[in-house]
Amino acid sequence: MIGTWWIVIGVDGTTTEHPEQPTYADLSAAVGGPLEAVTLHSPGTKAHFTMYVNEEGKLEGLPINIRASRFAHTGGHWHRDVIVGPAVLIGPPDKDGNDTPLLLDTVEEV
């Protein structure tokens, strides 16, 4: 069941769901700059996600995003690092490398 296409996790911990398929410009605007993709896996399931973050966020001095960092840690990445700035959570890429919708029933902690 598709609940939304993508979710923005703000640095203040809020989440905003977006039901429409995003463009690159939408994702870039949401994170405030060029995109860096991080692949995440939900522990104990076969669920996969992509988290987009601002590739230059640390250079720009963006604030730490505690909620996104915790989600990334549970997804098996960023153990010694933090996410800064807003982050976008979306489904995994398909076989052609295109983004897919986020299945909300597979996201436990957002």
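The values are calculated or read from the model by the stated rules, or taken from the named source; none is laboratory data. Only a predicted model underlies this, so the values are computations on that prediction, with no experimental measurement involved. All Cβ positions, even for glycine, are placed from backbone atoms using ideal geometry, and neighbour counts span all protein chains on display.
Within the stretch 10-35, the set of residues being surrounded by 13 or more Cβ atoms within 10 Å (Cβ to Cβ) and touching a Phe, Trp or Tyr at 6+ places or on another chain (Cβ under 7 Å) comprises His18, Gln21, Pro22, Leu27, Val31, Leu35. If you go through the stretch 1-13 and keep only what is under 18 Å from Gly57 (Cβ atoms) and not in a strand (DSSP E or B), you end up with Gly10, Val11, Asp12, Gly13.
Restricting Val8, Val38 to those that are modelled with pLDDT of 95 or more and within 11 Å of the chain's Cα centre (by Cα) reduces the list to Val8. Only residues that are surrounded by 18 or more Cβ atoms within 10 Å (Cβ to Cβ), within 20 Å of Thr23 (Cβ to Cβ) and in contact with a strand residue (DSSP E or B) (Cβ under 6 Å, 6 or more places away or on another chain) were counted across the stretch 46-60, and they come to 5. Looking across the stretch 14-31, just one residue is part of a loop (DSSP other than H, G, I, E, B) and within 22 Å of Lys58 (Cβ to Cβ), and that is Thr14. Contact annotation: residue pairs with Cβ atoms under 7 Å, 6 or more positions apart or on different chains, pairing a residue in the stretch 64-88 that is at negative phi with a partner that is modelled with pLDDT under 85 and of a type in the set (S, T, N, Q), are Gly75/Ser42.
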